[in-house]
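Data first, discussion second: the structure below is written as C-alpha cells.
The values are calculated or read from the model by the stated rules, or taken from the named source; none is laboratory data. For clarity, every value in this text was computed on a predicted model and none was experimentally measured. Reconstructed Cβ throughout: ideal geometry from the backbone, glycine too, with neighbour counts over all protein chains shown.
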Amino acid sequence: MRTPTSPTMANLQAAFAGESMAHIKYLHFARIARAHGDLETAALFEETAKQEVQHALGHADLLFPPASLDPRKALQLAIEGETHEYTEMYPAFHHAAVQEGNSQAAGEFAEQIAESQQHAAEFATLLAKAAKRFAALAKVEERHAQQYQRRLQAAG
C-alpha cells in the first residue's frame, strides 16, 4: 500500500477514499429508496453517485498520474493493494469482529480475505502473461533493429 509522501498527498488519498465511498453509499441508498417505491429519491442518489465517481477520478489522476503509469505498473500497484488487504487489513478487521462477537462482520471480512487473495492472484497471472508478451516483442524488435542495421551498413 502506498504511503502518502506529503500532507497534500494524504489529503488526496483521504478525498479519493471519501468520494469513492460516497459513490457506493449513494448507490446503496438508491437501492433502498427504489425498494420503498421512491423513484425520485433513488434517481437523485444515482445522479449524485455519478458525480462522486468523477470527483474520485480527478483525485486518482493526481494520486496515480496517467503519465507515470503503464499497464505493468498499474498491475503491480493493484497486487500491492490486494495483498495489503488480505495480509493486514482484513485479518485485523476479522480479529476485531471476532473479539467483539460480531459474527456477521467476521464472516464478511473472511470472505474479503479470500476475494482479495483471488484478485491479487488474477492480477499476478496477467502481469506474468504481459511480461512474456513484452519479452517476445522485445526479441522481435531486436531482430528488426539488427536487420535495419545490416541494411544500413550494406548501403553505406
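Considering Leu69, Leu126, Leu63, which residue is touching a residue at least 40 places away in the same chain (Cβ under 8 Å) and under 24 Å from Leu12 (Cβ atoms)? Criteria check complete, one pass: Leu63. Exactly one residue out of Gln112, Gln118, Gln153, Gln99 is of a type in the set (S, T, N, Q) and over 31 Å from the mean Cα position of the chain (by Cα), and it is Gln153.
Looking across region 45-64, the residues that are loosely packed, with under 14 Cβ neighbours inside 10 Å and either polar (S, T, N, Q) or outside the structural domain of Gly18 (by TED's automatic domain parsing) (or both) come down to Gln51, Gln54. Kindly provide the set of residues from region 65-88 that are within 18 Å of Met21 (Cα to Cα) and crowded, with 18+ Cβ neighbours inside 10 Å, ordered by number. Within region 65-88, Glu82, Glu85 meet the criteria. Check whether at least one residue in region 93-106 is in contact with a helix residue (DSSP H, G or I) (Cβ under 9 Å, 6 or more places away or on another chain), closer than 27 Å to Pro7 by Cα, modelled with pLDDT of 95 or more and assigned to a helix (DSSP H, G or I), and report yes or no. Yes: one or more hits.
When the residues of region 1-18 are narrowed to those that are exposed (fewer than 14 other Cβ atoms within 10 Å of the Cβ) and under 19 Å from Gln76 (Cβ atoms), which ends up modelled with the highest pLDDT? By that ranking, first place goes to Thr5. Scoring Gln99 on the criteria (1) polar (S, T, N, Q); (2) closer than 25 Å to Leu12 by Cβ; (3) surrounded by fewer than 16 Cβ atoms within 10 Å (Cβ to Cβ) leaves a single failure, condition (2). A count restricted to region 19-44 and to residues that are surrounded by 14 or more Cβ atoms within 10 Å (Cβ to Cβ) and either at positive phi or touching a Gly at 6+ places or on another chain (Cβ under 8 Å) (or both) stands at 0. Among the residues of region 79-91, is any acidic (Asp, Glu), more than 21 Å from Ala15 (Cβ to Cβ) and not assigned by TED's automatic domain parsing to the domain that holds Thr8? Yes - at least one qualifying residue is present in region 79-91.
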